[in-house]
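Just below is one structure, and these are the notes that go with it.
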């Protein structure tokens, strides 16, 4: 009886989270882990975004920025369908965190390469601009996909509000921290800090599944069958809408 009563009590951090949205006993730990993850990932992106413009402008000005944006859009068009298939295969095997961590470690290793290239005075402007665009889309998309696959609909509707607050806080922190840090540590320092943040995100992702209570977890796991063909659906929607086609043409 005492154990049941303890389980029904809110922890101190669950009581704090209840100021934002309804958090039931036992849901707090996973919510804190995912919120911290969202905060770190968005802070990481906005840290890197601050150095993106100076790097591309130093490389060759606004003209090269236009070329880099077009390359970025083309690479994403090829990459996202492939990633979608891989993600759903791992999700169907109840291991979505595996591919997420591999992607995070891949991006972290890329930052290490950028640090080395900058150290030997190779201009990374265009490459980094394209890379950051891919990073921002893939990391944000896979985080929210992971969160959606972790909770059932009822719990997700309550807790995603808190995750969104963490994401917004991370954006603000990243933009605010980059200004004071950059004069002291320069491009390599920002890159190293972002790389460290991605490694921390890997550990948070690994800890999350075990922290989700059984009654809050998503029982409807994504099915492996059919996802190989579903990657075309996004392109179908775009090509059937003149409005979306015009937006795509404008962006590219």
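The values are calculated or read from the model by the stated rules, or taken from the named source; none is laboratory data. Everything numeric in this text was worked out from a predicted model, so none of it was measured. Here the Cβ is made from the backbone with ideal geometry for all residues, glycine too, and neighbour counts use every protein chain on show.
Just need a number here: residues in the range 5-27 that are part of a loop (DSSP other than H, G, I, E, B), surrounded by fewer than 13 Cβ atoms within 10 Å (Cβ to Cβ) and either modelled with pLDDT of 85 or more or touching a helix residue (DSSP H, G or I) at 6+ places or on another chain (Cβ under 7 Å) (or both).
Residues meeting the conditions: 1.
Taking residue 81 and the conditions (1) over 16 Å from the mean Cα position of the chain (by Cα); (2) part of a helix (DSSP H, G or I); (3) over 14 Å from residue 130 (Cα atoms); (4) modelled with pLDDT of 80 or more, which numbered condition does it fall short on, given that it satisfies the others?
Exception for residue 81: condition (4).
What are the residue pairs meeting all of these: first residue in the range 131-148, first residue crowded, with 17+ Cβ neighbours inside 10 Å, second residue outside any helix (DSSP H, G or I) and at pLDDT 85 or above, Cβ atoms under 8 Å, and 6 or more apart or on different chains?
The qualifying pairs do not exist here.
Quick check, is residue 167 closer than 15 Å to residue 50 by Cβ, modelled with pLDDT under 95 and surrounded by 15 or more Cβ atoms within 10 Å (Cβ to Cβ)?
no
Restricting to the range 28-47, and then to whatever is more than 21 Å from residue 195 (Cβ to Cβ) and surrounded by fewer than 23 Cβ atoms within 10 Å (Cβ to Cβ), can you tell me which residue is nearest to the chain's Cα centre (by Cα)?
32
Please verify whether residue 162 is assigned to a helix (DSSP H, G or I) and more than 30 Å from residue 216 (Cα to Cα), treating the condition exactly as stated.
Taking the combined requirement at face value, the residue does not satisfy it.
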